[in-house]
Amino acid sequence: MPDLTIEYYACCAERFRAHTIKVPSSRPGAAYTVTISPSREASCDCPAFKYSRHGTCKHLPLAEAKVCSWTAFVGPEVQEEEGKCPRCGGPTASEGWAV
């Protein structure tokens with residue numbers, strides 16, 4: 001197995017927070033709550049998620065799209081100002097990747 005080194009890259013600090021996001025239901029006036037943990041595990045309080053064998057529903061990607069997931073490793077935006085996310089303007093953190 002080759003030797004791996006750890007390289008650190010800037011990433012949006014939003015990736016490491018828990019999020020609770022309301023997503024509109026297809027029924028007028030209704031909404032479901034999606035919870036995303038700091039480890040990026042997501043759950044929804046809709047019936048489809050509750051009874052899904054695969055632990056998913058149509059609300060999860062809608063909620064996940066609202067959370068900034070920028071990393072300097074993937075980009076495509078380039079960080080111009082240290083400590084500031086180029087995608088959402090929020091603070092950045094450091095994340096290690098084995099390369």
Only listed residue being surrounded by 12 or more Cβ atoms within 10 Å (Cβ to Cβ) and either of a type in the set (Lys, Arg) or closer than 23 Å to Pro86 by Cβ (or both), chosen from Ala10, Ala48, Ala31, Ala42: Ala10
Flag for Leu62 being within 17 Å of the chain's Cα centre (by Cα) and on the phi < 0 side of the Ramachandran plot: yes
Condition broken by Thr71, with the remaining ones in (1) among the β-branched types (Val, Ile, Thr); (2) surrounded by 12 or more Cβ atoms within 10 Å (Cβ to Cβ); (3) over 13 Å from the mean Cα position of the chain (by Cα) satisfied: (3)
Test: residue in region 23-42 that is farther than 30 Å from Ile6 by Cα, within 13 Å of the chain's Cα centre (by Cα) and assigned to a strand (DSSP E or B): yes
Residues that are at pLDDT 85 or above, surrounded by 13 or more Cβ atoms within 10 Å (Cβ to Cβ) and either part of a strand (DSSP E or B) or touching a strand residue (DSSP E or B) at 6+ places or on another chain (Cβ under 8 Å) (or both), drawn from region 74-99: Gln79, Lys84, Cys85, Arg87, Cys88, Gly90, Thr92, Ala93
Among the residues listed as Glu64, Glu95, the single one being within 30 Å of Glu7 (Cβ to Cβ), in contact with a Cys (Cβ under 6 Å, 6 or more places away or on another chain) and either among the polar types (S, T, N, Q) or touching a residue at least 24 places away in the same chain (Cβ under 8 Å) (or both): Glu95
Region 56-73, residues that are assigned to a loop (DSSP other than H, G, I, E, B), touching a strand residue (DSSP E or B) at 6+ places or on another chain (Cβ under 8 Å) and closer than 22 Å to Ile21 by Cα: Cys57, Lys66, Val67, Cys68, Ser69, Trp70
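The values are calculated or read from the model by the stated rules, or taken from the named source; none is laboratory data. On a predicted model such as this, the values are computed, not experimentally measured, just so you know. Cβ coordinates were reconstructed from backbone atoms using ideal geometry, including for glycine residues, and neighbour counts include every protein chain displayed.
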